[in-house]
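First comes the structure, then the notes that go with it.
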Amino acid sequence: MLTIKGKIILANLLVFGLMLFGFAVTIYRSTQESEMAKLEARIQVSASKLQRQLEDEPDNQESSGKHELFTLAADTFPEVKFRILDRWGHVVIEDSALAAYSGGSWQKALAGSSEKAVVTLDRQRYRYLLIPVEIDDRIEFVLQLAAPMTGVQASMRRLITLFSIAIPTALFLTALSAYLITSIAFRPMSKMVETAKQISSRNLDERLALPKARDEVRSLGQALNDMMLRIDEAFKSQRRFVAEASHEIRTPLTIIYSELEYAKRYIKEQEAAQSIDVSLSEIDRLTQMANRLLLLAKLDASQLVLHMGSVRLDELLVESIQLVSVLASKKDIDLVLHIEKAVELQADKERLKAVLLNLLDNAIKYSPPNSRVSVSLLADGETPGRVRIVIKDSGPGISQTELPHIFKRFYRASGARAGRAPGSGLGLAIAKQLVKLHGGGISVTSKMGEGASFIVDLPYTSNK
Ligand code: ADP
């Protein structure tokens, strides 16, 4: 598909090309006509001289008279070939070049009409004229004159050479100027496209740079900026709503939780105590969800402040593993830690711990009982200055179709939903953003049935 720029250039070329072609044809035709007219004028001059001679001495057709006529014609215009016929069609005198020519109706000339034609004699093109000569109001002779068209042909060839240089040059210049003009005209648009590409839900306050000229591009940019303003406001109010709603929900949830816990102490019936336990764990889940939504709203609004400090990553891993060890032992899951090297980096310890706990929690949650979850800390591996934490589980793994989605908000793979594994689908989305805030990245590799490996890589200053 052609771009607008391409279409404009093509349209210019087409219109200008057609105009040039029309001009060229007109110039060619009129030049040819004027060159022919010039040639005919020369033939006419030659004819008038012969005519005068014949009028002066109409009866002098002896050899000396013929010779005089011949030299006259030959001297005046050596290139003009001629033949003189009398009124009976007998040749009075003729040039050898015309001797072979049998065309031309001299009878017509006798009737008073002249004739013009282009003839080929001896592979050479000639302008041929048939002119009646009147003496005392009676046509006595007929002049057949032919002049070679070499001059006309040379002029026409020169014209064609000129056209074949001038037309492509003019077309090239047209295309070039159309290209330059459209490039200048579209430059602000290209800039706007570049800015538009950079805009995401995180920097909706960015605006397109508008061109100074009050043209269509500016109107388009202005309309898009106005639209962005409305989208930005809608996003902000939605974030505010989520943040406020999560915040408001947390307080009653905490109150209900403590009230239920209090009530549980005085309830003797086993069944009632059990349903209070279920309620408590659901309230726990809701509180966690509200906390996560609040955190996401802060991350979206770039309001989350990291408390950076020196963190020993190996120690943080040991601490995190200890925190989830109760969960693991409930399922008899072996937690194996492999530390290649002690690593210290700049990070917000609590936020990083939350990321690791989330990944470890998932690994234990999706691994079957009596299996293993391994955690490795690899420093200066493939990329120097980056440290890697790999958390590998023995769970069902994640299918290739689901892999690209698991870091999206509220996304829960079909296995997690079907297995009724508890969760909100928000943990990985938050982990990804927190790791990104630390200048790192989080990725996953997995094959169905072979578990999943979550990889967190972070920048650090190696002190080898
Ligand atoms: P959830 O609270 O549902 O665990 P997450 O954001 O932590 O939310 O994970 C999103 C989805 O990614 C999960 O619902 C699950 O389908 C999939 N997932 C995450 N970790 C694992 C894992 N270790 N093994 C298999 N699937 C996983």
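The values are calculated or read from the model by the stated rules, or taken from the named source; none is laboratory data. Bear in mind the structure is a predicted one, so any value in this text is a computation, not a measurement. As a convention, Cβ positions derive from the backbone with ideal geometry for all residues, glycine included, and neighbour counts pool all protein chains shown.
Summary table
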read-out: Filter pass, Leu357 being at negative phi, within 16 Å of the ligand (Cβ to nearest atom), surrounded by 14 or more Cβ atoms within 10 Å (Cβ to Cβ) and in a helix (DSSP H, G or I); value: yes
read-out: Residue within the range 391-399 that is hydrophobic (A, V, I, L, M, F, W, C) and at pLDDT below 95 present; value: yes
read-out: Test: Ser237 is under 26 Å from the mean Cα position of the chain (by Cα) and among the hydroxyl-bearing types (Ser, Thr, Tyr); value: no
read-out: All strands (runs of 3 or more DSSP E) inside the range 370-461 with 1 or more residues being away from the ligand (no atom under 13 Å from the Cβ), farther than 29 Å from Asp300 by Cβ and of a type in the set (Gly, Ala, Ser); value: 372-379
read-out: Which listed residue is part of a helix (DSSP H, G or I) and under 49 Å from the mean Cα position of the chain (by Cα), from Leu280, Leu299; value: Leu299
read-out: Hey, Ala328 surrounded by 12 or more Cβ atoms within 10 Å (Cβ to Cβ) and not assigned by TED's automatic domain parsing to the domain that holds Val390 or not; value: no
read-out: Residue in the range 53-73 that is at pLDDT 75 or above and surrounded by fewer than 16 Cβ atoms within 10 Å (Cβ to Cβ) present; value: yes
read-out: Contacts under 7 angstrom Cβ, first residue in the range 383-398 being in the same structural domain as Ser371 (by TED's automatic domain parsing) and more than 23 Å from Ser320 (Cα to Cα), partner assigned to a loop (DSSP other than H, G, I, E, B) and within 9 Å of the ligand (Cβ to nearest atom), 6 or more apart; value: Ile398/Ile406; Ile398/Ala413
read-out: Residues (more than 27 Å from Gly17 (Cβ to Cβ), more than 19 Å from the chain's Cα centre (by Cα) and free of Cβ contacts under 8 Å to residues at least 60 places away in the same chain) located in the range 169-209; value: Ile199, Ser200, Asn203, Leu204, Asp205, Glu206, Arg207, Leu208, Ala209
read-out: So Leu204, is it farther than 22 Å from Lys7 by Cβ and touching an Asp or Glu at 6+ places or on another chain (Cβ under 6 Å); value: yes
read-out: Test: residue in the range 76-91 that is at pLDDT 80 or above, of a type in the set (Phe, Trp, Tyr) and closer than 15 Å to Gln44 by Cα; value: yes
read-out: Residue count for the range 178-221, restricted to those that are loosely packed, with under 13 Cβ neighbours inside 10 Å and assigned to a helix (DSSP H, G or I); value: 11
